[in-house]
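This report concerns only the one structure given below.
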Amino acid sequence: MNYELMVIFTPVLSEEDYKAAQKKFADLIKENGGEVTHENPWGLRSLAYPIQKKTTGMYLVLEYSAPSDLNEKLKIQLNRDENVLRHMITALDKYAVQYNNRKRHGVNADSKTVEA
């Protein structure tokens, strides 16, 4: 199965801590039989509403394929990590995976191939 994990870390992380946190979750996925297909650190962004009195957060989006039991292990680690403000795991169907690939490679994601 393919999944997308979005994590919002506390904005007080240093650059090294932010990178270490990214590596921690990517490694966790790999160690449990998953494969990270794309890593997209968004960096510091404004939040739509304050979380724990913070108005900004360090975002990370990971796309990965993994057996479904990995998500429970991942959630436990995310909930234990005091640097994580919010997280969301989304299951991606094959169309979402294709869309993300096209978007990443600069192909207009809305364009459809029409055969004559």
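The values are calculated or read from the model by the stated rules, or taken from the named source; none is laboratory data. What you see is a predicted model; the values in this text were computed from it and never measured. Reconstructed Cβ throughout: ideal geometry from the backbone, glycine too, with neighbour counts over all protein chains shown. All accessible areas refer to the heavy atoms of the entire protein, side chains included, with ligands and DNA or RNA removed. Shrake-Rupley method; radii C 1.70, N 1.55, O 1.52, S 1.80 Å.
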In Hz, Karplus ³J(HN,Hα) per residue of segment 88-97 (6.51, -1.76, 1.60; θ = phi - 60°; x = Gly, Pro): 8, 10, 10, 7, 9, 7, 4, 6, 5, 5
query: Given the Cα-Cα distance of K24 and R102 and 0.36 nm per residue of separation, how much length would full extension add, in nm?
result: 25.3 nm
query: Per-residue accessible area for R86 at 1.4 Å probe radius, Å² rounded to 10?
result: 110 Å²
task: Treating the angle as unsigned and between 0 and 90°, give the value, to the nearest 10°, between the Cα long axis of helix 70-80 and the longest Cα principal axis of the chain.
output: 30 degrees
task: Rounded to whole Hz and in sequence order, give me ³J(HN,Hα) for segment 33-39 from the Karplus expression 6.51 cos²θ - 1.76 cosθ + 1.60, θ = phi - 60°, writing x for Gly and Pro.
output: x, x, 9, 7, 8, 7, 10
Helix-only [θ]222 nm of the chain, DSSP H runs n ≥ 4, -39500 (n - 2.57) each, per residue, nearest 500: -10500 deg cm²/dmol
message: Going by average Cβ density within 10 Å per residue, which order do the peptides 20-29, 88-97 take, highest to lowest?
response: 20-29, 88-97
- request: Find how much the distance from D69 to S46 grows on full extension, using 0.36 nm per residue of separation minus their present alpha carbon separation; answer in nm with one decimal.
  value: 5.1 nm
field: Filter on K23/K53; K23/K94; K54/K103; K30/K103; K24/K75 - keep pairs with C-alpha separation over 22 Å
entry: K23/K53; K23/K94; K54/K103; K30/K103
statement: Two pseudo-spin positions, 7 Å from Cα along C-beta at M6 and at V36, lie apart in nanometres by 1.9 nm
Protection proxy ranking, peptides 53-64, 31-42, average beta carbon neighbours within 10 Å, highest first: 53-64, 31-42
- request: Let me have the relative contact order for the chain, percent, based on Cα pairs under 8 Å that are six or more residues apart.
  value: 38 percent
field: Vicinal HN-Hα couplings computed from phi for segment 50-63 (Karplus, 6.51 cos²θ - 1.76 cosθ + 1.60; Hz; Gly/Pro x)
entry: x, 10, 6, 6, 10, 9, 10, x, 8, 8, 9, 10, 10, 9
